[in-house]
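Bear in mind that the values in this text are calculations on the coordinates, not laboratory data. Keep in mind the model is a prediction, meaning the values are calculated, not measured. With ideal geometry, Cβ positions are generated from the backbone for all residues, glycine too; neighbour counts draw on all protein chains shown.
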Amino acid sequence: MQKVLLTVDRISTWLGQLFAWAIIGLTVMISWEVFSRYVLGNPHAWMLDVQIMLYGVLFMMAGAYTLSKNGHVRGDVLYGFFSDRTQATLDLILYILFFLPGVFAMTWAGWRFFTEALAIREQTFNAVPLPVYPFKFVIPFAGAILLTQGLVEIARCIICIRDGFWPSREQDVEEVDVDKLKAMVHADDPGAALAAPPAEKGTL
């Protein structure tokens, strides 16, 4: 079971990292448009639509990635003082009452939006029209990935309620292990690096 949970985590992580490259595209495109508009005097009518679409893709595909990292905003004023089993019980209730209906509705509605846009080959309304249906496909796709990750989190809640502690998340799923990074650079002990003995000649 744990292997399945971690496999879904890895898929969400990989997709999140893949679509994160959209921020590079956004940066390059915005920089070029500013230069083209104010220096070359040649603005592009389609640029704003592309920027909005890329930002939408970046935002939607970050949902499952962030959930796999347990990074969504939570009211921790009281939650952090609860036992693991109580936390899992609260999470499970909220997942069932709010997460599942909301994400399922988004996925279902997103699929309808996509199929309707595809049927009429929907385009943007400007001097240089762009197809909208590829962008609308991202809505049900992101919803399906988020729903899958949510089911994994629900499974984790059930396991925690049964066992009394949260199931582990593999270290290699995380992008950065902060504790190991601090140990490597001696961040908690600024004088440790200075006190370390110099390496002997001829050693690697």
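Observations on the model:
- Percentage of interatomic Cα-Cα distances in the range 1-96 larger than 16 Å: 70 percent
- FRET efficiency for the VAL34 to ILE161 pair, using the beta carbon distance and R₀ = 41 Å, is estimated at 0.20.
- Cβ-placed point charges (K, R +1; D, E -1), dipole of the range 2-167 about Cα centre in debye, nearest 20: 200 debye
- With K and R counted +1 and D and E -1, the other residues having a Cβ less than 14 Å from that of LEU48 yield a net charge of -1.
- Calculated FRET efficiency for the pair LEU118/ASP76, C-beta based, R₀ 25 Å, to 0.05: 0.05
- Relative to the current alpha-carbon distance between MET184 and THR148, full extension at 0.36 nm per residue lengthens the span by 9.4 nm.
- Its alpha carbons considered, the range 2-167 gives a radius of gyration followed by a Dmax of 20.0, 65 Å.
- Taking other residues whose beta carbon is less than 10 angstrom from the beta carbon of LEU92, and scoring Lys, Arg as +1 and Asp, Glu as -1, yields -1.
- Charged neighbours of VAL132, selected by a Cβ distance under 13 Å, balance to -1 (K, R count +1; D, E count -1).
- If the chain linking VAL4 and ILE96 were pulled fully straight, counting 0.36 nm for each residue of separation and taking away their Cα-Cα distance, it would gain 31.0 nm.
- Relative contact order %, the range 2-167, counting alpha carbon pairs below 8 Å whose residues are six or more apart: 30 percent
- Gyration tensor over the Cα atoms of the range 43-135: the corresponding equivalent ellipsoid has semi-axes (square roots of 5 times the eigenvalues, largest first) of 38, 17, 8 Å.
- Loop-resident chymotrypsin sites (Phe, Trp or Tyr not before Pro) (DSSP state other than H, G, I, E or B) in the range 93-162 with no more than 12 further Cβ atoms inside 10 Å of their Cβ: PHE125.
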